[in-house]
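I have placed the structure first, in the form of structure tokens, so that the comments after it can refer back to it.
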Amino acid sequence: MQAIAKEMNFSETTFVLPPELPDTDARMRIFTPSEELPIAGHPTIGTAFALARTGAVERGRGNVVFGCGIGPVPVALTWSGDALSFAWMSQPLPVFGEPIPDPSRAAVALSLSPAAVAGTGQMVQVVSCGLPFLFVPLTTRSAVDSAVVNRGALSDLLSAAKTAAHGIFVFSSQPGDGRATVYSRMFAPELGVVEDAATGGASGGLGCYLVRHKMVPPDKADAMISLQGVKMGRPSHVHMSIGVEGGAITSVRVGGEAVLAGEGTLYV
């Protein structure tokens with residue numbers, strides 16, 4: 001499976017196997033070009049759509065549960081006639097790391113001026129909803145577009161932070177023409193992913209970050225959108241719904257749509 005994922009060279013490649021756990025519908029394994037992940041968002045949504053297209057998930061079904069490396073991952077399904085039109089995956093509750101003490105190091109890792117990070121007044125922090133990412137808020141959408149990863153500086157930053165973060169996720173809450181809550185990019189060179197067009201595995205943590213740091217009020221927490229992949233020419237809209245009760249985060253969901261880009265037969 002790892003060899004196939006490396007050959008395909010997508011951000012992630014999924015493999016669907018018979019279920020291994022009770023109350024799951026299938027075992028799903030997820031690989032980047034360089035290693036296996038315990039959970040990921042974009043490929044989970046895409047796999048649900050692929051199985052619906054082939055009929056492996058029967059039309060009209062309300063949910064499917066994948067057995068992943070972290071355990072069962074429920075996915076709620078919405079249909080339009082015979083076609084799957086939207087899917088919501090549930091993610092684990094967030095784990096917040098300690099803020100990075102020197103945010104300017106994140107600016108160096110992104111080849112940006114220190115002001116692009118410090119000017120937000122927000123912290124640089126690792127958040128995990130099953131998979132840890134380093135979140136770096138930036139002042140403007142232009143700064144997001146201008147980010148270029150310095151791999152050596154990024155590696156040093158992650159090592160100094162003593163984190164198992166799998167990538168660096170940059171975003172800006174600067175308003176744009178559309179309805180996006182934030183404008184974002186994600187880089188994970190250590191996973192063989194130069195840049196990802198849609199990172200659902202990070203978007204749960206992103207939504208939790210926005211709520212925790214009051215960048216989005218609780219009454220808007222169930223309807224956030226991250227606009228990602230624009231700089232790559234592959235724009236995507238990742239939906240985030242964070243449940244909040246009494247100031248505490250009680251649920252994390254990430255959702256979206258998927259489209260068929262190609263199909264074929266692989267002989268191995």
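Side notes on the structure shown:
- Taking (1) touching a residue at least 24 places away in the same chain (Cβ under 8 Å); (2) closer than 25 Å to V75 by Cα; (3) under 18 Å from the mean Cα position of the chain (by Cα) in turn, P189 satisfies each apart from (2).
- Pairs where the first residue, in region 116-134, is on the phi > 0 side of the Ramachandran plot and the second is open to solvent by 30 Å² or more (accessible area, probe 1.4 Å) and not in a strand (DSSP E or B), C-beta under 9 Å, 6+ apart: G130/P38; G130/G69; G130/I70; G130/P92
- In the set G204, G167, G200, G178, only one residue is small (G, A, S) and surrounded by fewer than 22 Cβ atoms within 10 Å (Cβ to Cβ); that residue is G178.
- A count restricted to region 20-75 and to residues that are in contact (Cβ under 8 Å) with a residue 12 or more places away in the chain and either among the acidic types (D, E) or in a strand (DSSP E or B) (or both) stands at 23.
- Pairing residues of region 91-109 that are free of Cβ contacts under 8 Å to residues at least 60 places away in the same chain and open to solvent by less than 40 Å² (accessible area, probe 1.4 Å) with residues that are among the acidic types (D, E) and outside any helix (DSSP H, G or I), at Cβ distances under 6 Å and at least 6 apart in sequence or on separate chains, gives no pairs at all.
- Neighbours by Cβ (under 6 Å, 6+ apart or cross-chain): first from region 147-166, farther than 20 Å from G229 by Cα; second open to solvent by 40 Å² or more (accessible area, probe 1.4 Å) and modelled with pLDDT of 90 or more: A153/V108; L157/R105
- Test: residue in region 135-144 that is surrounded by fewer than 23 Cβ atoms within 10 Å (Cβ to Cβ), free of Cβ contacts under 8 Å to residues at least 24 places away in the same chain, out of contact with any Leu (no Cβ under 9 Å at 6 or more places or on another chain) and over 21 Å from L37 (Cβ atoms): yes
- Residue list for region 8-61, restricted to those being of a type in the set (S, T, Y), closer than 16 Å to T78 by Cβ and out of contact with any Phe, Trp or Tyr (no Cβ under 8 Å at 6 or more places or on another chain): none
- Given (1) over 22 Å from T139 (Cα atoms); (2) touching a strand residue (DSSP E or B) at 6+ places or on another chain (Cβ under 6 Å), number of the condition H237 does not satisfy: (1)
- Only residues that are among the aliphatic types (A, V, I, L, M), open to solvent by less than 10 Å² (accessible area, probe 1.4 Å) and either over 24 Å from H166 (Cα atoms) or not in a strand (DSSP E or B) (or both) were counted across region 217-250, and they come to 1.
To keep it simple, each residue is scored yes or no on (1) over 15 Å from P43 (Cα atoms); (2) out of contact with any His (no Cβ under 7 Å at 6 or more places or on another chain); (3) at pLDDT 95 or above.
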| site | (1), (2), (3) |
| --- | --- |
| L227 | yes, no, yes |
| G233 | yes, yes, yes |
| H239 | no, yes, yes |
| I242 | yes, yes, yes |
| T250 | yes, yes, yes |
| V259 | no, yes, no |
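- Yes/no for F15 being open to solvent by 30 Å² or more (accessible area, probe 1.4 Å), in contact with a Lys or Arg (Cβ under 8 Å, 6 or more places away or on another chain) and on the phi < 0 side of the Ramachandran plot: yes
The values are calculated or read from the model by the stated rules, or taken from the named source; none is laboratory data. Note that the structure is a prediction, hence the values are computed from the model and not measured. Cβ coordinates were reconstructed from backbone atoms using ideal geometry, including for glycine residues, and neighbour counts include every protein chain displayed. Heads up: the accessible areas ignore ligands, DNA and RNA and are worked out on the full protein's heavy atoms, side chains in. Shrake-Rupley method; radii C 1.70, N 1.55, O 1.52, S 1.80 Å.
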